[in-house]
Each structure stands twice: as structure tokens, then as C-alpha cells.
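Asks: Pasting in a structure now, in C-alpha cells, and then I'll have a few things to ask.
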Amino acid sequence: MARPRSADKHNAILEAALVEFGRRGVWATPTSAISRTAGVAEGTLFTYFASKALLTDALYRVLKTELAGVMLADWPEAADPRAQFHHIWDRYVRWGVAHPGKLRVLAQLKVSDELSNESRVAGMAPFARLEAAAHECMRRGEVVERPMEFLGAMLTAMAETTVGYIAQAGDDPEAFDYAEAGFEIFWRGIAVPP
């Protein structure tokens, strides 16, 4: 009879994968390193995740769900488009600064050819509310009409660049000025002039 799976071991494997992927790169990391960091036998890792691909898919979904939760917390439903996009920007930048390892691994996973299409779709599902808000802004002529993937990629690239500059600034109290400057540049690029 198979032993029941432990949520603690499952989570320890995901956390170890995050650590090792951050150190070595997603596809260069052997499962033996992940299991060692998790404190489990390699066979145990494969009990929870039948392949490394399934482990990376699961980690991608966890990271995307966490990020969406952060970005949607206290969503300003009645705010104007600028305030809504600023909310998204600010939450993303602050999450990236607080969790550089997660941001680094998520960036690797997003561009990977080995991530399943099913996981890509599942990873975007929690962002449906943000996508709907952006479409509504386009419909009302407040934001340029461009493919959602393009706008998302622009926001991501600019926010991640901003996170990098904030990290370089270290303990400088004015480091978060980069967040405001980055948002202003992003917003001017997507806002339709009145």
C-alpha cells in the first residue's frame, strides 16, 4: 500500500527547486541537487513529481499564482486606468524586489520551450481580471490598442529592469524613485493622450 503524500515534502521539493534553479539555472539543475536541498531521496522527488518537467510546471504555476495574488490584492476597481496600471506596476516591482530569486526563476521559466502549454495557460488564468481591465481601458480609448501579450511583455520587461536598478541601489533611501520613474515611462508609452 502506498504511503500518503505529505504536503510538507511537496512544498519542500518546490522550495528546493526554487533555490537550486536560482543558483544553477532551471535546465542545468539536476534533480539530485533538488532532492538533496529538499532533504529527501531522489526517488521521493519522483514520487511527488514524475519528471523534472512536471516539477518545473508545478513551480511555474505556484509562482504565477503568488504573483497574481499580490497584484490583485486590494484591486482598485473604481480607480482610473492610470491608478489601476500603477497598482499593477507597484505590486509587481515590490514583489520582485522582495523576492529576487522567485523573479529570476519565473523569468527563466517563462521563456523556456520546455514549459507545457497547459501550464502556460494555467499560469495566466489568475491574471484574467487584469487582462479584462486592460481590454476595457482599450475599449474606452484610454490605453493604446495593442495585443495583450505585447503590453504584458512590455510591462514585465520594464518592471524587471526597474527591479534590477532598485537592487543595485541597495539601501539607498531613494532607490524606489526608480519605481516611479519606470512607471511614468511605461504609462506614457501606453496612455492615449487626452
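Asks: Which count do you get for residues in region 92-104 that are within 11 Å of residue 64 (Cα to Cα) and either among the aliphatic types (A, V, I, L, M) or touching a Lys or Arg at 6+ places or on another chain (Cβ under 8 Å) (or both)? Lay out the reasoning, then the answer.
Replies: Pass one, region 92-104, residues within 11 Å of residue 64 (Cα to Cα): 102-103.
Okay, now just the ones that are also either among the aliphatic types (A, V, I, L, M) or touching a Lys or Arg at 6+ places or on another chain (Cβ under 8 Å) (or both), so 103.
Adding up the residues that qualify gives 1.
Asks: Same structure, new question: Can you tell me which residues in region 21-30 are over 18 Å from residue 119 (Cβ atoms), assigned to a helix (DSSP H, G or I) and touching a residue at least 12 places away in the same chain (Cβ under 8 Å)?
Replies: Of everything in region 21-30, just one residue is over 18 Å from residue 119 (Cβ atoms), assigned to a helix (DSSP H, G or I) and touching a residue at least 12 places away in the same chain (Cβ under 8 Å), namely 22.
Asks: Consider only pairs whose beta carbons are under 9 Å apart and that are at least six residues apart or on different chains; among these, list those whose first residue lies in region 40-58 and is free of Cβ contacts under 8 Å to residues at least 40 places away in the same chain and in a helix (DSSP H, G or I) and whose second residue is open to solvent by 40 Å² or more (accessible area, probe 1.4 Å) and among the hydrophobic types (A, V, I, L, M, F, W, C).
Replies: Between residues of region 40-58 that are free of Cβ contacts under 8 Å to residues at least 40 places away in the same chain and in a helix (DSSP H, G or I) and residues that are open to solvent by 40 Å² or more (accessible area, probe 1.4 Å) and among the hydrophobic types (A, V, I, L, M, F, W, C), the close pairs are 52/27.
Asks: Starting from region 126-139, take each residue that is of a type in the set (Lys, Arg) and list its partners that are surrounded by fewer than 19 Cβ atoms within 10 Å (Cβ to Cβ), counting only C-beta distances under 8 angstrom and pairs at least six apart or across chains.
Replies: 129/72; 129/75
Asks: For region 108-115, does any single residue satisfy the condition of being without any contact (Cβ under 8 Å) to a residue 60 or more places away in the chain, of a type in the set (D, E, K, R) and closer than 17 Å to residue 65 by Cβ?
Replies: The answer is yes; a qualifying residue exists.
Asks: Moving to a separate point now. Return the residues of region 59-106 that are farther than 20 Å from residue 123 by Cβ, assigned to a helix (DSSP H, G or I), open to solvent by less than 50 Å² (accessible area, probe 1.4 Å) and not hydrophobic (A, V, I, L, M, F, W, C); say none if nothing qualifies.
Replies: 81, 84, 86, 87, 90 - these are the residues of region 59-106 that are farther than 20 Å from residue 123 by Cβ, assigned to a helix (DSSP H, G or I), open to solvent by less than 50 Å² (accessible area, probe 1.4 Å) and not hydrophobic (A, V, I, L, M, F, W, C).
Asks: Please go through region 168-181 and pick out each residue that is among the aliphatic types (A, V, I, L, M) and over 22 Å from residue 87 (Cβ atoms).
Replies: Scanning region 168-181 gives a single hit, 169.
Asks: While we're looking at this one, here's another question. Would you please name the residue that is surrounded by the fewest Cβ atoms within 10 Å (Cβ to Cβ), looking only at residues in region 151-162 that are among the aliphatic types (A, V, I, L, M) and touching a residue at least 60 places away in the same chain (Cβ under 8 Å)? Spell out the reasoning first.
Replies: Filtering region 151-162 for residues among the aliphatic types (A, V, I, L, M) gives 151, 153-155, 157-159.
Applying the additional criterion that residues be touching a residue at least 60 places away in the same chain (Cβ under 8 Å) yields 155, 159.
On the way: 155: 21, 159: 23.
Going through the qualifying residues, I end up with 155.
Asks: Just wondering, is there one or more residues in region 61-73 that are closer than 14 Å to residue 107 by Cα, of a type in the set (Val, Ile, Thr), out of contact with any strand residue (DSSP E or B) (no Cβ under 9 Å at 6 or more places or on another chain) and in contact (Cβ under 8 Å) with a residue 60 or more places away in the chain? Outline the logic, then answer.
Replies: From region 61-73, those closer than 14 Å to residue 107 by Cα are 61-64, 67; that's our starting set.
With of a type in the set (Val, Ile, Thr) added as a condition, the list becomes 62.
Checking which are out of contact with any strand residue (DSSP E or B) (no Cβ under 9 Å at 6 or more places or on another chain) leaves us with 62.
Retained after the next criterion (residues that are in contact (Cβ under 8 Å) with a residue 60 or more places away in the chain): none.
No, region 61-73 contains no residue that is closer than 14 Å to residue 107 by Cα, of a type in the set (Val, Ile, Thr), out of contact with any strand residue (DSSP E or B) (no Cβ under 9 Å at 6 or more places or on another chain) and in contact (Cβ under 8 Å) with a residue 60 or more places away in the chain.
Asks: I want to confirm something. Restricting to region 125-150 and keeping residues that are of a type in the set (D, E, K, R) and surrounded by fewer than 11 Cβ atoms within 10 Å (Cβ to Cβ), which single residue is nearest to residue 68 (Cα to Cα)?
Replies: The qualifying residue nearest to residue 68 (Cα to Cα) is 149.
Asks: In addition: In region 172-179, is there at least one residue being assigned to a helix (DSSP H, G or I), modelled with pLDDT under 95 and farther than 21 Å from residue 68 by Cα?
Replies: Yes: region 172-179 contains one or more residues that are assigned to a helix (DSSP H, G or I), modelled with pLDDT under 95 and farther than 21 Å from residue 68 by Cα.
Asks: Let me ask something else. Return the total of residues in region 163-194 being of a type in the set (A, V, I, L, M), open to solvent by less than 40 Å² (accessible area, probe 1.4 Å) and in contact (Cβ under 8 Å) with a residue 12 or more places away in the chain.
Replies: Within region 163-194, residues that are of a type in the set (A, V, I, L, M), open to solvent by less than 40 Å² (accessible area, probe 1.4 Å) and in contact (Cβ under 8 Å) with a residue 12 or more places away in the chain number 5.
The values are calculated or read from the model by the stated rules, or taken from the named source; none is laboratory data. Just so it is clear, the model here is predicted, and its values are computed rather than measured. Please note: Cβ atoms are built from the backbone with ideal geometry, for glycine as well, and neighbour counts cover all protein chains shown. The area values use the complete protein model at the heavy-atom level, side chains included, leaving out ligands, DNA and RNA. Shrake-Rupley method; radii C 1.70, N 1.55, O 1.52, S 1.80 Å.
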